[in-house]
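The values are calculated or read from the model by the stated rules, or taken from the named source; none is laboratory data. All values reported here derive from a predicted model rather than from experimental measurement. Counting neighbours? That spans all protein chains shown, and the Cβs are built from the backbone with ideal geometry, glycine included. Just so you know, the surface numbers come from the protein's heavy atoms only, side chains and all, with ligands and any DNA or RNA stripped out. Shrake-Rupley method; radii C 1.70, N 1.55, O 1.52, S 1.80 Å.
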Amino acid sequence: MLSISILLVLSSGLAHAVWNLFTKKSENKMAFLWLITLPTTVILLPVLIWELMRVQLTWSLVLFLFMSFFFQGCYTLLISKAYTYGDISEVYPIMRGTGTLLIPFFSAIFFQEYLSVPGWLGVICIVIGVFAISGMIGTDRQAQPVNPLALRYAFAVGLCITGYTLTDKQIVQQLSPFALLEITNFACLIVAGGFVWKKGLIRREWQKNWRTIVLGAVLSPGSYLLFLFAMTLAPLAAIAPIREVSTVFGTLLGVFLLKERQRAWRLSMSLMITIGIISIAVWG
């Protein structure tokens, strides 16, 4: 089961990095997020209704659903801001690294899921690597500093990732990953729709980027759906850090496709992240 969950998480990380690249390259990021979320929302609506009719809606489940909705809505708002002010290879590692650091701690507290010593060493390698890639530590002093606004938004996104990951771990015990994904979709549509429901914004984004929108409509829900299935097979404390392979993919895409700066440094830190992931996967 663990090997299957690791494969699911690695696939999730690649898909996540690619649709984030598409979001960074989009003209209106809120409109792009709204468009890639719409198809899956329509498809999964009957699934959510059917499951809510069958499941016992306890107060705890309703609370977790509202918490997931809140964190996902904030995530949608903040990620568009982060990519407006910063490079993908700067803000993406911070967003993912914050969750990597916090989720194993909270998993131990709430779910009694513990990493081994090599596992924690792997987490440390990942965290150092992602924050180094972002430019927060270890870079050339003459290099252009990261925009402070980008840092704040990226940290806030990381907190949202931590929040909805821990919450969704509870929900997925009672609802299927498909139904839970629909809650995520509603949060994105409502929040993004409030900003882009203006004449011409959605149409303009579609006309300019319809190809990446079609791909993003598959990769965005697919990336989290794969991770939700992995959560049903393995401890969250073990698989959440492994998903940070998306940082490696995101860095490679930013360096080679978007021609972002500090190539050698970011690639070397990507290697450190990979070592950390292997440590968790094999000995964690």
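The residue list PHE71, ILE278, LEU35 was ranked by how far each Cα lies along the charge dipole of the chain toward its positive end, using unit charges on Cβ atoms, and LEU35 comes out on top. Stokes-Einstein diffusion for the chain, with the hydrodynamic radius set to the Kirkwood value over Cα pairs and evaluated at 25 °C in a medium of 0.890 mPa s, equals 130 µm²/s. Taking every lysine pair in the chain that is 8 or more places apart or spans two chains, those with Cα atoms closer than 30 Å amount to 25. In this Cβ point-charge picture (+1 for Lys and Arg, -1 for Asp and Glu), the chain has a dipole of about 880 debye about its Cα centre. How large is the helix-only mean residue ellipticity at 222 nm for the chain, computed as the sum of -39500 (n - 2.57) over DSSP H runs with n ≥ 4, divided by its residue count, in deg cm²/dmol to the nearest 500? Using -39500 (n - 2.57) per qualifying helix, the result is -28500 deg cm²/dmol. For the chain, relative contact order (Cα pairs under 8 Å, six or more residues apart, normalised by length) works out to 42 percent.
Taking the Cα centre of segment 1-114 as origin and assigning +1 to Lys and Arg Cβ atoms and -1 to Asp and Glu Cβ atoms, the resulting dipole is close to 140 debye. Between rounded, prolate and oblate, where does segment 1-137 land on the alpha carbon gyration tensor, with a ≥ b ≥ c its root eigenvalues, rounded for a/c under 1.5, else prolate if a/b exceeds b/c? Here segment 1-137 falls in the oblate category.
In whole percent, and with a 1.4 Å probe on the protein chains, what portion of the accessible area of segment 7-81 is carbon and sulfur? Whole-percent figure for carbon plus sulfur exposure: 77. Protein heavy-atom surface of segment 82-131, 1.4 angstrom probe: 77% of the accessible area is carbon and sulfur, with nucleic acids and ligands not counted.
For the chain, the solvent-accessible area works out to 46 Å² per residue, with a probe of 1.4 Å and every protein chain left in place.
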